Structure formats: structure tokens, C-alpha cells
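Data block below; observations after.
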Amino acid sequence: MTFPTMSLRPMIFGLAALMAGGAATSAAACPDWRMTGAPLSYTADDLWVPQSTGVVAGGNVSISSCPGVPGNGYVITQPDFDLSFTDNSAQRDLELRVQGTCDTILLVNDANGQWHFDDDSGGEFNPRLRLLAAPAGSYDIWVGTYGPSTCQSTLTLETFGGTYAPGGSAPAPDMPSHDTGAQYPAAPGNMTDYRTQVGQTLTFTADVYWLVCADICIPEEGVLTLTLPIVSP
């Protein structure tokens, strides 16, 4: 299951400065996105090909006792990874998943300061989170365990979807000019001019544009032609 909650990063430093000593000591025992994890840096297109990193899952911090942090399980205080996620103008989804040798969990504080937690969405006691149209920015990632024991695991990052194919650029449709020199028939209200041409045909032609979408959207174009007979009223 996924449990999103909000954490407003810009406010935390000011609030921390006003805390009493006892409260500050308690907060130090909880996941702290202000601390530094192992750096990872990818663009959205880089992650179109999955990127994996080994990590020891788990820690001595029980997140169930941490105010504002969702889920249950054990992590370390500092993030395992600091992900710099850049250039997502295509608005691709960012997926984070873990394959471990024990029951693992994922905890993420995203670029907007929002917490995300998952336990078993990846199957076989492994977590998976997919953040839709993930904003560019800094992501703090904890790979934890459901129980207090640690284990070896692998974190994989991958992007999906988007408004255009990897390596491309935002589509700017090449619209046809209004002044093409083409000769068009009279407007429908004046079609009486064609009553003397019964038995002949009229051909209508239009340039059409569309998107073919699955995991990505690919622009296509073509010419649509419609031929109709002229009949007597």
C-alpha cells in the first residue's frame, strides 16, 4: 500500500531552530532528509533504461514512532540515497523499486517535500513506488526493512510514459498554412451552384494530425480524402 503525506521543506529549518532540546533529540532518531546520502544523478531520459544500485536495507530507526512519516519498518536516520532528478519536461513517471533478500520497504521524500511509503507493491515482500509526472528536483530515498534485521538489496530506478519519446523534444505541431493556393468548393450554404453537375463527384481533402499513445505518445499525420456524388435534390 502507498501512503502519501505532506512535509513542507522550507518550513522545517525554521521550526527546528525553535524546538526545545528534548524535541530535537527525538527528531534526530527519525529519517532526516536534511542529511546526506549516497549521491545519484539522472535525467528522466537516462532512466528510460533502468539503473540499479546495491544497498544494505534496514537500520535501527523505527519509522512508526516518527511524527509525519508514513508506514512501518526500520531505516537509518540519513537517506540511503540523494537522487538529483533532472530534465523531466516530458513529464515521465518515476518508478523506484527494491529487490531484497528479506521483507523490504521504501521511504521517499520527493522534490516537493511529500513523503511516500510502500511495503509490498512489488510482490514477494518487495516495495515499488511510481510517482506520476515526477517533478525535477531532489529525492531522498531510504531502503528499509519491515523487521529489525538488515539484508542485502538492490534499488532500481526507471521512468515510464511521457509526452514524447526519449531523446526527442516537446512536439510543436507543424500546422499547414491557411494560404495553400488550393481551390475549395463553394460553402455548403451555396451548394445550389452544383445542381447542374448531377452525376459528377465532389472531393474533399483535409490534412489531419493525431497522437498514437501507449507508454509514450508519437505524433502522426496524414491526408483524409472524401469523395461524394452530386445527386439531384
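Take the Cβ atoms of THR156 and CYS213, set R0 to 22 Å, and the FRET efficiency comes out at 0.30. The packing ranking, built from the mean of other Cβ atoms within 10 Å per residue, places the peptides 106-116, 46-56 in the order 106-116, 46-56, highest first.
Compared with the direct C-alpha span, the chain from ASP46 to VAL223 gains 60.1 nm at full extension, assuming 0.36 nm per residue.
In a reduced charge model with +1 at each Lys and Arg Cβ and -1 at each Asp and Glu Cβ, the range 30-137 shows a dipole moment near 120 debye about its Cα centre.
The THR86 and LEU132 beta-carbon pair, evaluated with R₀ = 22 Å, returns a calculated FRET efficiency of approximately 0.80.
The length gained by stretching the chain between THR163 and ARG34 to full extension, at 0.36 nm per residue less their Cα-Cα distance, is 43.2 nm.
With the simple model of a label 7 Å out from the Cα in the direction of the Cβ, ASN72 to VAL231 spans 7.3 nm.
Readers should treat all values here as calculations from the given coordinates under stated rules, not as data from a laboratory. Just so it is clear, the structure is predicted and the values come from calculations on it, not from any experiment. We place every Cβ from the backbone using ideal geometry, glycine too, and count neighbours over all the protein chains shown.
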